[in-house]
Every structure is written in structure tokens, then in C-alpha cells.
Amino acid sequence: QAVPAGAGVTKAGELRARLDERVSAVVVQQPNFFGCVEDLEPMIAAAHEAGALAIVSFDPISSGLIKRPGDLGADIVVGEGQPLGIPLQYGAPYLGFFAAREAHLRKMPGRVVGTARDGNGTRGFCLVLQTREQHIRREKATSNVCTNQGLMAMRATVYMAAMGRHGLRRVAGLCHEKARYAAERIATIDGFKIRFDAPFFKEFVVQSKRGVDAVLKHCRTRGILAGVPLGRWLPELSDCFAVAVTEKRTRAQIDGLVAALAES
């Protein structure tokens, strides 16, 4: 059951009102789908008060600026490891990370079974996360590292070792500073505004009076992927698109985006 985030973030009171003994876990994304930074601590507390686990899907780079979910009481933390020095590669290979408190370590999944329908509409199952240990130890297996994941995990480890604590903090700071600069510049363009007032990390939502599809198409003709239209998932935000700015973007590139939006 989803809790609405009408102001860009989840209200702990609304979450608490939905919790009862039937809820086994609460999953919160940090930063969330809109790029906004959630106030995790009261939501984690609400989950624990209801006897549920608190699970956080977390951007690892953001830990350079904001508190880690584990420090706020999260039981399980998962996320995408691609930001840790791994370039975009058409969807793969990447790695995910899965961390849990010691009390839950032996319950971590050793394999994940997926389900889908074939060309004839017949339901089928497949092991989407598996290694040799899954076939040898079966339900007792806890290892879920395959060759590609192992290579990506090694790359992420090298990246974090090379960057260190101060380097990760610097990368997080650059993401935030550049995203703030982009948002402030876009907000000055007639017909555009930042949709939510909540603090954000490196992603934010832009509302446009000019027609999202036309705006994004115009930017593509300039060689710029300006953002992702949110109406695909949320019809009430059909006049909005999400923008992401990382440490890789230069001031000239951000200014180019602003200019393209102004021309659209």
C-alpha cells in the first residue's frame, strides 16, 4: 500500500495511520522518486512501533551529505551500486547492494525467483539471482554473486577505496551544488518552476506550462536529454518532468540545458 507524497515527501503521520499488525515491512526510498530528501527517522520509528521492519532503498552517493539509513535505525538497506564508479551501459552489467542488521543476516535471500509469461501467455518461473551455491546448498545458500556482479562489485570497491571518505563527500557536494544551480536557473525561465519545495539531493521535478513532450523533444534536437516525463507514472504530474544533475555535468552543460528549455 503506497502512502501519497503530495508535497514531494512522505508525512510520518500519514504513514503511521496506515500501519497495523498486518504490515510486516515499510519500504522508503531515500532520496525518493521525486529526488526529495525524506525525513527517515520518524518513519522508521513508526514502522518499529507497529512491529514492522524498516527497509530503505538508498542512493549510496547521498551518504556523503545526509545520514545513512543504518544510523537512523533502518533494519535493511538496499540500493543501486551504479553510481559507485560504474558508467551507464544500456542497463547492464551493474550491481545492487543489500545490507542488514546482524539479527537478519542468516535470513538474507540466496536466490530470487522471477515470474513472467511467455509468448503463449503461459506463466513461468526462473532464477534471476543464482550461482553454483544455490544448486549445492539450496535454501541454505546466502551467496548471490555471479561473475558480472563480482566484477562490478570489485570496480565499486576500487572506486570507494580511491575516493575515500572525503572524496565521496566532495562528489555528493558537487551533485547537490550543481543540481541547486540548475534548479535555480530553470526557475527563472518563463513557464517553468520547481514543483516541490522539499529539499532535494541531485534530482528535482520541473513543472512546465509549455507541454512536457514538446519541451523534451526540442531539447533532444539539441543533443540534450533534459529529463523524464512523470505523466507516464503519475497522470496528475503530466505537466512535470524529473531532472537529474550529477558531478559529471559541467556548468557549460547546465547552461546549455537552461538555454534549450528557454528556446522550447
Going by what's in this entry, would L225 be described as assigned to a helix (DSSP H, G or I), hydrophobic (A, V, I, L, M, F, W, C) and either within 29 Å of V9 (Cβ to Cβ) or in contact with a His (Cβ under 9 Å, 6 or more places away or on another chain) (or both)? no
Out of all the residues in segment 48-65, is one or more touching a Leu at 6+ places or on another chain (Cβ under 6 Å), closer than 27 Å to M163 by Cβ and in contact (Cβ under 8 Å) with a residue 60 or more places away in the chain? yes
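Just one of A74, A2, A52 is among the small types (G, A, S) and in contact with a Ser or Thr (Cβ under 7 Å, 6 or more places away or on another chain); which is it? Before the answer, list the steps.
Values: A74 fails: in contact with a Ser or Thr (Cβ under 7 Å, 6 or more places away or on another chain); A2 fails: in contact with a Ser or Thr (Cβ under 7 Å, 6 or more places away or on another chain).
Exactly one residue qualifies, and that residue is A52.
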Closer than 29 Å to E177 by Cβ, open to solvent by 30 Å² or more (accessible area, probe 1.4 Å), touching a strand residue (DSSP E or B) at 6+ places or on another chain (Cβ under 8 Å) and at pLDDT 95 or above: which single residue out of V78, V56, V28, V37 fits that description? V37
Hey, can you tell me all the residues within segment 184-221 that are open to solvent by less than 40 Å² (accessible area, probe 1.4 Å) and within 19 Å of the chain's Cα centre (by Cα)? F196, A198, F200, F201, K202, F204, V205, V206
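Would it be correct to say that R232 is at pLDDT below 95 and either open to solvent by 30 Å² or more (accessible area, probe 1.4 Å) or at negative phi (or both)? First the steps, then the outcome.
Details: at pLDDT below 95: yes; either open to solvent by 30 Å² or more (accessible area, probe 1.4 Å) or at negative phi (or both): yes.
It is true that R232 is at pLDDT below 95 and either open to solvent by 30 Å² or more (accessible area, probe 1.4 Å) or at negative phi (or both).
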Number of the condition not met by I224 [criteria: (1) open to solvent by 60 Å² or more (accessible area, probe 1.4 Å); (2) farther than 24 Å from Q30 by Cβ]: (1)
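Kindly establish whether C175 is closer than 28 Å to P87 by Cβ, in a helix (DSSP H, G or I) and under 19 Å from the mean Cα position of the chain (by Cα).
On the way: closer than 28 Å to P87 by Cβ: yes; in a helix (DSSP H, G or I): yes; under 19 Å from the mean Cα position of the chain (by Cα): yes.
Criteria met by C175.
The values are calculated or read from the model by the stated rules, or taken from the named source; none is laboratory data. Note that the coordinates shown come from a computational prediction; the quantities given were computed from them, not determined experimentally. Reconstructed Cβ throughout: ideal geometry from the backbone, glycine too, with neighbour counts over all protein chains shown. Protein only, heavy atoms only, side chains kept; ligands, DNA and RNA dropped before computing areas. Shrake-Rupley method; radii C 1.70, N 1.55, O 1.52, S 1.80 Å.
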